[in-house]
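Novice: Have a look at this one.
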Amino acid sequence: SRLPFTMRILLIDDNEELREFLAMCLTEVSIDVEAVGSPQEAIAKADAAKFDAFVVDSILGEYDGLSLVSDLLAAKNGKGVPVMLMSNISTALARRVAQNAGCHEFLVKPFGQSQFVEQVRGLQKYKR
């Protein structure tokens, strides 16, 4: 028997294989996931439904992950939603830029499954 979902996450990554793997990692620990591959889809979802957190890849094809973060936070249900950015760049500057854009957590690739799950769960403490 599955436990009831503890959180509802919107996950945006344009790499289908990684997106499906990350969604599975979260579903395994009773986190409900909407996983999408395009910024347009993500914004539509954030307009249509409420989420406990957004998990965004920093590079989405032609689209910059941080631009998407501001679009998500400006969406109908986006205000005050905690955000985690997944990035290949681990510099202090990259972290600061992400923070200024509204990200609460910053996860550097490559990362392990348990680290990913823990940081997603940790987003709950930022919920307004």
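The values are calculated or read from the model by the stated rules, or taken from the named source; none is laboratory data. These figures come from a predicted structure and were not determined experimentally. FYI the Cβ positions are ideal-geometry reconstructions off the backbone, even for glycines, and counts take in every protein chain you see. Remember, those area values only see protein heavy atoms, side chains included, never the ligands or the DNA or RNA. Shrake-Rupley method; radii C 1.70, N 1.55, O 1.52, S 1.80 Å.
Novice: Tell me which residues, restricted to segment 27-45, are part of a strand (DSSP E or B) and open to solvent by 10 Å² or more (accessible area, probe 1.4 Å). It would help to see each step written out before you state the result.
Specialist: Step one: filter segment 27-45 for residues part of a strand (DSSP E or B), giving 31-36.
32, 33, 34, 35, listed by residue number.
Novice: Working only within segment 102-122, note down all residues that are open to solvent by less than 30 Å² (accessible area, probe 1.4 Å), closer than 20 Å to residue 67 by Cβ and not in a strand (DSSP E or B).
Specialist: 102, 103
Novice: Here's something else I'd like to know. Does residue 74 satisfy being without any contact (Cβ under 8 Å) to a residue 12 or more places away in the chain and open to solvent by 50 Å² or more (accessible area, probe 1.4 Å)?
Specialist: When the stated conditions are applied, residue 74 passes them.
Novice: If I ask for residues that are surrounded by 18 or more Cβ atoms within 10 Å (Cβ to Cβ) and either over 13 Å from the mean Cα position of the chain (by Cα) or in a helix (DSSP H, G or I) (or both), which ones from segment 9-24 would you list?
Specialist: Step one: of segment 9-24, the residues surrounded by 18 or more Cβ atoms within 10 Å (Cβ to Cβ) are 9-13, 19, 22-23.
Matches in segment 9-24: 19, 22, 23.
Novice: Select from segment 91-101 the residues that are open to solvent by 20 Å² or more (accessible area, probe 1.4 Å) and assigned to a helix (DSSP H, G or I) and list them in ascending order.
Specialist: Narrowing segment 91-101 to residues open to solvent by 20 Å² or more (accessible area, probe 1.4 Å): 91-97, 99-101.
If the condition is that a residue be open to solvent by 20 Å² or more (accessible area, probe 1.4 Å) and assigned to a helix (DSSP H, G or I), then 92, 93, 94, 95, 96, 97, 99, 100 are the ones that fit.
Novice: Still on this model: May I ask you to list the residues in segment 46-62 that are buried (at least 19 other Cβ atoms within 10 Å of the Cβ), part of a strand (DSSP E or B) and hydrophobic (A, V, I, L, M, F, W, C)?
Specialist: Residues satisfying the conditions are 53, 54, 55, 56, 60.
Novice: Scanning for something on the phi < 0 side of the Ramachandran plot, part of a helix (DSSP H, G or I), modelled with pLDDT of 95 or more and of a type outside the set (Phe, Trp, Tyr), does segment 82-90 turn up at least one residue? Can you show your working first?
Specialist: Initial filter on segment 82-90 (on the phi < 0 side of the Ramachandran plot): 82-90.
Cutting the leftovers down to part of a helix (DSSP H, G or I) gives us none.
Checked against the condition, which is being on the phi < 0 side of the Ramachandran plot, part of a helix (DSSP H, G or I), modelled with pLDDT of 95 or more and of a type outside the set (Phe, Trp, Tyr), segment 82-90 yields no hits at all.
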